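The values are calculated or read from the model by the stated rules, or taken from the named source; none is laboratory data. Bear in mind the structure is a predicted one, so any value in this text is a computation, not a measurement. Note that each Cβ is placed from the backbone with ideal geometry, even for glycine, and that neighbours are counted across all protein chains shown.
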Amino acid sequence: MSLGTAIAMKRGDQSRGTILGKFLSAGCIGVLLGLFVTFVVVERGKGFGAITAGPWTGWPRNGTSDTDPYTRAILAYSGEMSLSESEGMSFVAHGDGNGAEFDPACDYVLKGEIPSARYWTLTLLSPAGAPVANIADRQGFTSSEVLRASDGQFEITLSRHARPGNWLPIGGTSKFILVLRLYDSELGAPATALDAARMPGLLKSRCE
């Protein structure tokens, strides 16, 4: 083998090695970017099929064959149980109506409209979807037990300390979320948008 041939073969090997290295680098970057996007979507609690209304986020295609993989990952991460299309819809709030994350040192007042439904529940959970222990042993309210004014309106106060009326204890947790489930509701999988005025507001009140 001549010296020129050997040099040419060596350069060819180096070229193939360079191309392979670039290919592997591009593949690694793609995988890392995909993982980062998935992490951000899951942490924010919003899949591509999500709809938002004020502080509330819902997934109208939960329980259908069209549920996207990001939404499935969010549900697995949070522990939230999906309702089928025939049952209704679930909405999750991670903060108040101004977009600030819930602060357990503050009180919050939930009031306003709730979309028409045969039955609804409001539950306070940890971000992982577990019940939050508290001295009152209460984790939520239902439409059949909430106290209402003479005009049918109601307010629910979230606080670490006992409050008059509908009091939902925050307990000693450092973070929490609210889950609103609407059973046999007029809302369903075809929904793509929701007016915030049709959902209950979440207002921050006093803070310690």
Legend entry - Within region 127-157, tally of residues that are within 19 Å of the chain's Cα centre (by Cα) and either among the β-branched types (V, I, T) or under 18 Å from M199 (Cα atoms) (or both): 2
Legend entry - Out of I170, I177, I114, sole residue that is in contact (Cβ under 8 Å) with a residue 60 or more places away in the chain and out of contact with any helix residue (DSSP H, G or I) (no Cβ under 9 Å at 6 or more places or on another chain): I170
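Could you tell me which of the residues G129, G99 is modelled with pLDDT under 90, under 19 Å from K175 (Cβ atoms) and surrounded by fewer than 18 Cβ atoms within 10 Å (Cβ to Cβ)? Give the steps one after another, and end with the answer.
Numbers: G99 fails: modelled with pLDDT under 90.
Matching residue, one of G129, G99: G129.
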Inset, instruction - Report yes if some residue within region 147-155 is at pLDDT 90 or above and exposed (fewer than 14 other Cβ atoms within 10 Å of the Cβ); otherwise report no. - result: yes
Legend entry - Whichever residue in region 49-65 is at pLDDT 75 or above and either polar (S, T, N, Q) or part of a strand (DSSP E or B) (or both) and, among such residues, is surrounded by the most Cβ atoms within 10 Å (Cβ to Cβ): W56
